[in-house]
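Below: one structure, written as structure tokens.
The values are calculated or read from the model by the stated rules, or taken from the named source; none is laboratory data. Quick caveat, the model's predicted, so the values are computed rather than measured. For neighbour counting, all protein chains shown are included, and Cβ atoms are generated from backbone atoms with ideal geometry for every residue, glycine included.
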């Protein structure tokens, strides 16, 4: 409940002076790095494969992870006052933005992203392109915190749901209506994932995005963000792709998930300090032999 209290306190303040709170977040993240040794070790372990085993680079990237986590909470606190048009103009830079022309075409679309930069802000900018969206996020406890975070995330136009049966139904309904769905696809939080090779390790990635795409004939567009300085985001729009539909649905899902893993892996190798995953990722999501 401390986190909920701090968010309720911070929302009216951060929205008025985001520049100050983003700078305070650097201090908070740096302190957290030093006073949370168990979490620090997990983050370093996560980053070592992305840094080719270079522990000093993993440590430098690790402290950036902590700072980015703190900045993310400032992002949340500023959402109720966020002007999406201004944010996109002043703080969002697209790489391969021409690929977003797909948004102008009718039909269902799934945006795949990961815990790098702030993908929620990147997807929020799509509302300026006339595409309402539904997004899934990780279920949280206690319910009061979860509901408050959903309200913050949904305050700028998107409809955010927890990744449960209700959320999946909302995604199916949206896709069948030709709308856009956004899903974070780097953590198998439901424990039903599909085994792929990611950054030289065998892990499970969530199968949900690909099963939804296969059922609704939705195109998939990978969009990966990186924070640039305090408030700015660089968003890399990767090549859209479609699911194969054969007599072997499991193999269709596996091939699509592996394709996504290759795209994600390249991004993680390039920006290890942007990956805001605090659990022991390679153990929690391990699949078979590493």
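Would you mind finding the one in 95, 65 that is in contact with a strand residue (DSSP E or B) (Cβ under 8 Å, 6 or more places away or on another chain), at pLDDT 90 or above and under 23 Å from residue 181 (Cα atoms)?
95
On the basis of being assigned to a helix (DSSP H, G or I) and out of contact with any helix residue (DSSP H, G or I) (no Cβ under 9 Å at 6 or more places or on another chain), does residue 59 make the cut? Quick ask: steps written out before the conclusion?
Numbers: assigned to a helix (DSSP H, G or I): yes; out of contact with any helix residue (DSSP H, G or I) (no Cβ under 9 Å at 6 or more places or on another chain): no.
So residue 59 fails the test.
Need the failing condition index for residue 140 against (1) in a loop (DSSP other than H, G, I, E, B); (2) in contact with a helix residue (DSSP H, G or I) (Cβ under 6 Å, 6 or more places away or on another chain); (3) over 29 Å from residue 279 (Cα atoms), just the number.
If we test residue 140 against (1) in a loop (DSSP other than H, G, I, E, B); (2) in contact with a helix residue (DSSP H, G or I) (Cβ under 6 Å, 6 or more places away or on another chain); (3) over 29 Å from residue 279 (Cα atoms), just (3) comes out false.
Of the residues that make up segment 225-236, is at least one within 29 Å of residue 23 (Cβ to Cβ), surrounded by fewer than 17 Cβ atoms within 10 Å (Cβ to Cβ), in contact (Cβ under 8 Å) with a residue 60 or more places away in the chain and in contact with a strand residue (DSSP E or B) (Cβ under 6 Å, 6 or more places away or on another chain)?
Yes, segment 225-236 contains at least one residue that is within 29 Å of residue 23 (Cβ to Cβ), surrounded by fewer than 17 Cβ atoms within 10 Å (Cβ to Cβ), in contact (Cβ under 8 Å) with a residue 60 or more places away in the chain and in contact with a strand residue (DSSP E or B) (Cβ under 6 Å, 6 or more places away or on another chain).
Answer yes or no: is there a residue in segment 74-85 that is surrounded by fewer than 19 Cβ atoms within 10 Å (Cβ to Cβ) and in contact with a strand residue (DSSP E or B) (Cβ under 6 Å, 6 or more places away or on another chain).
Checked segment 74-85: no residue is surrounded by fewer than 19 Cβ atoms within 10 Å (Cβ to Cβ) and in contact with a strand residue (DSSP E or B) (Cβ under 6 Å, 6 or more places away or on another chain).
Answer yes or no as to whether residue 243 is assigned to a loop (DSSP other than H, G, I, E, B), at negative phi, touching a residue at least 24 places away in the same chain (Cβ under 8 Å) and surrounded by fewer than 19 Cβ atoms within 10 Å (Cβ to Cβ).
It is false that residue 243 is assigned to a loop (DSSP other than H, G, I, E, B), at negative phi, touching a residue at least 24 places away in the same chain (Cβ under 8 Å) and surrounded by fewer than 19 Cβ atoms within 10 Å (Cβ to Cβ).
Can you tell me which residues in segment 152-172 are modelled with pLDDT of 90 or more and either closer than 18 Å to residue 215 by Cβ or part of a helix (DSSP H, G or I) (or both)?
Residues satisfying the conditions are 161, 166, 167, 168, 169, 170, 171, 172.
Quick one: in segment 98-113, of everything that is in contact with a helix residue (DSSP H, G or I) (Cβ under 7 Å, 6 or more places away or on another chain) and at pLDDT 90 or above, which residue is farthest from residue 182 (Cα to Cα)?
108
Can you name the residue in segment 123-132 that is out of contact with any helix residue (DSSP H, G or I) (no Cβ under 6 Å at 6 or more places or on another chain) and either at pLDDT 85 or above or not in a helix (DSSP H, G or I) (or both) and is also surrounded by the fewest Cβ atoms within 10 Å (Cβ to Cβ) among such residues?
Only one residue tops the list, namely 130.
For residue 266, only one of the following conditions fails: (1) in a helix (DSSP H, G or I); (2) more than 23 Å from residue 92 (Cα to Cα). What is its number?
Just one mismatch for residue 266, condition (2).
Just give me the residues in segment 27-56 being in contact (Cβ under 8 Å) with a residue 60 or more places away in the chain and either buried (at least 17 other Cβ atoms within 10 Å of the Cβ) or more than 16 Å from residue 275 (Cβ to Cβ) (or both), in sequence order.
39, 42, 43, 46, 47, 49, 50, 51
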